[in-house]
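A short worksheet on the structure shown next.
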């Protein structure tokens, strides 16, 4: 792991704080009237999803971490293990369910992103793409006259997630879903 100086801080940089990996979301160099200069940062945890504020003295050294994102295709789940395949090498990688984010949106064949700590050759977590297309497995039937401006109803999609959909969406239809917040986007026309 490389040591960097606070003058090298930039948004998106990954650093180690108390043994955990954090990404710099925002930083600000502050030079008060008296006393030494310092850097105020907002950090987001890569593995733990915590948001923290931390202040560093100007010129202080921290450890940086190189993180890469790679596309892997989800193959299948076996108990608590999820299996992903590299698109070019066909290498299969098992990953514990606890390290798969939003697993309720992941279905067979979906290309997900695996976040890898390059120096330690360790997979931190897997995440689905921001938008997915999924089939509605179970929902109440639509009624003639239901419009887009009307209410909504719960629908279970192929990965197992429950999404609020407009009243006109029926079982067996494909819909587009935003996995970041679980919102229905639109019906997929084939």
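The values are calculated or read from the model by the stated rules, or taken from the named source; none is laboratory data. Because the structure is a prediction, the values reported are computed rather than measured. A quick note on method: Cβ atoms are made from the backbone with ideal geometry, for glycine too, and the neighbour counts reach across all protein chains shown.
Annotations for the structure displayed:
- Test: residue in the range 72-87 that is surrounded by 14 or more Cβ atoms within 10 Å (Cβ to Cβ) and either touching a helix residue (DSSP H, G or I) at 6+ places or on another chain (Cβ under 8 Å) or not assigned by TED's automatic domain parsing to the domain that holds residue 116 (or both): yes
- Considering 59, 45, 35, the condition of being farther than 26 Å from residue 121 by Cα, surrounded by 12 or more Cβ atoms within 10 Å (Cβ to Cβ) and in the same structural domain as residue 11 (by TED's automatic domain parsing) is satisfied by 59 alone.
- Residues in the range 164-181 that are without any contact (Cβ under 8 Å) to a residue 40 or more places away in the chain and within 23 Å of the chain's Cα centre (by Cα) were compared, and the one that is surrounded by the most Cβ atoms within 10 Å (Cβ to Cβ) is 165.
- Some residue of the range 55-67 being within 17 Å of the chain's Cα centre (by Cα) and at pLDDT below 90: yes
- Among the criteria (1) loosely packed, with under 15 Cβ neighbours inside 10 Å; (2) closer than 29 Å to residue 186 by Cα; (3) modelled with pLDDT under 90; (4) touching a strand residue (DSSP E or B) at 6+ places or on another chain (Cβ under 8 Å), the one residue 137 does not fulfil is (3).
- Extreme residue, modelled with the lowest pLDDT, among residues of the range 147-163 that are touching a strand residue (DSSP E or B) at 6+ places or on another chain (Cβ under 7 Å) and surrounded by 15 or more Cβ atoms within 10 Å (Cβ to Cβ): 159
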